[in-house]
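First comes the structure, then the notes that go with it.
The values are calculated or read from the model by the stated rules, or taken from the named source; none is laboratory data. The structure presented is a predicted model; accordingly, all values stated were derived computationally and were not measured. Cβ coordinates were reconstructed from backbone atoms using ideal geometry, including for glycine residues, and neighbour counts include every protein chain displayed.
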């Protein structure tokens, strides 16, 4: 009997309400340049502090494995209780679902970023200065009007938020995954997409389509600034994945702003609650929908954006903005509340990292770690210890008294 079979055997359906609140990229590291504080430690967070003092357990989570830096897809799937090594999902699939696009058998999706290229074709800004969504929509309209097919393969192009967009290839004999064309740092040219399985004819065909798509699309962007190129990641087809409701016996809903996180939630069968934009609006919508669902996933992006920009002060402010809105959620406190990140995004590194992210868990039976604040330092001392993120939902269920005793 494996762990999932054991949990299924012990599962008891209870009228419990849960909320998983994810501050994207929350985890950080203390450095001398930051006064030896993390943004979470430097932020003024009276509402989080009050929650902690009322009784919470803290710890840290490893999203994938020690030393492995996760993308947002694996990071969130782990939070949802799916082993990211078992359920590998391409970023393009997630983004496409989040934008409300339909994927059929044989379709391959890629997540793309507009970028800035110099005269030699080298990437000088991987996000094109985070162009406004309106500019992204304009550029995608240009590409869509000129590129409807590559050979016999139909192409769908859809704008996302800011510099992000999605490309879907509808055809026969296609398959992912492919390697990214994103070189992952500035000063390098756009990489070639290559089959992950060198023996797969379908992946080879897909790699040729990506190459042909670039040949058709790049000339249409020539001379535009700052977005005169694009990078593609997560080229993949949609995998089979068990539904959240079947796995955990809870009706789940997602309240997220960015398409990728809506897509991740949709992939596991969460209802998407559309409309809210600010974290305060997200919490208000949670309260309005409280009676309709058992489990809420609430996503907050701006901690991750600030970390990727290396902006310590902005990350501190994002945490403080979150804290200011927290009382709205706490007016209808769920039976089990978790506040955490999907991974760490240290300002000093300007990107995702392998450092375990801090996690706070509050319930009637969580106990109190007798800490004053929620922080990496406090989490290091917490009773949850360091554990794999794929067990977080199971800990939430245990705190919701959803498991029978195992054995005599």
Note on the stretch 233-271: residues surrounded by fewer than 16 Cβ atoms within 10 Å (Cβ to Cβ) and within 30 Å of residue 205 (Cα to Cα) are 239, 240, 242
Out of the stretch 157-173, which residues are assigned to a strand (DSSP E or B) and more than 15 Å from residue 139 (Cβ to Cβ)?
-> 168, 169, 170
Any chance the stretch 97-114 includes a residue that's surrounded by fewer than 24 Cβ atoms within 10 Å (Cβ to Cβ), part of a loop (DSSP other than H, G, I, E, B) and not assigned by TED's automatic domain parsing to the domain that holds residue 166?
-> no
Counting only residues that are at pLDDT below 95 and buried (at least 23 other Cβ atoms within 10 Å of the Cβ), how many does the stretch 50-62 have?
-> 0
Going through the stretch 288-307 one residue at a time, which ones are part of a helix (DSSP H, G or I) and in contact with a helix residue (DSSP H, G or I) (Cβ under 7 Å, 6 or more places away or on another chain)?
-> 302, 303, 306, 307
Could you count how many residues in the stretch 291-309 are under 23 Å from residue 244 (Cβ atoms), touching a residue at least 12 places away in the same chain (Cβ under 8 Å) and surrounded by fewer than 16 Cβ atoms within 10 Å (Cβ to Cβ)?
-> 1
Selected residue (only one of 78, 96, 105 is at pLDDT below 95 and farther than 15 Å from residue 266 by Cβ) | 105
Tell me, please, whether a residue that is at pLDDT below 95, within 18 Å of residue 343 (Cβ to Cβ) and in a helix (DSSP H, G or I) can be found in the stretch 252-260.
-> yes
Among the residues of the stretch 53-94, how many are closer than 21 Å to residue 252 by Cβ and outside any loop (DSSP other than H, G, I, E, B)?
-> 11
By residue number, the members of the stretch 369-386 that are in contact with a helix residue (DSSP H, G or I) (Cβ under 8 Å, 6 or more places away or on another chain) and either within 15 Å of residue 59 (Cβ to Cβ) or surrounded by 20 or more Cβ atoms within 10 Å (Cβ to Cβ) (or both) are 369, 371, 373, 374, 375, 376, 377, 378, 384
Listed residues 283, 312, 230; which is at pLDDT 95 or above, under 28 Å from residue 397 (Cα atoms), in contact with a helix residue (DSSP H, G or I) (Cβ under 8 Å, 6 or more places away or on another chain) and crowded, with 22+ Cβ neighbours inside 10 Å?
-> 283
Can residue 361 be described as in contact (Cβ under 8 Å) with a residue 60 or more places away in the chain and over 21 Å from the mean Cα position of the chain (by Cα)?
-> no
Residue check for residue 47: at pLDDT 90 or above and more than 28 Å from residue 190 (Cα to Cα) = yes
Identity of the residue in the stretch 143-158, within 22 Å of residue 224 (Cβ to Cβ) and without any contact (Cβ under 8 Å) to a residue 40 or more places away in the chain, that ends up nearest to the chain's Cα centre (by Cα) = 157
Residue under evaluation residue 73, criteria (1) on the phi < 0 side of the Ramachandran plot; (2) in contact with a strand residue (DSSP E or B) (Cβ under 9 Å, 6 or more places away or on another chain); (3) in the same structural domain as residue 351 (by TED's automatic domain parsing); (4) at pLDDT 90 or above, criterion not met = (4)
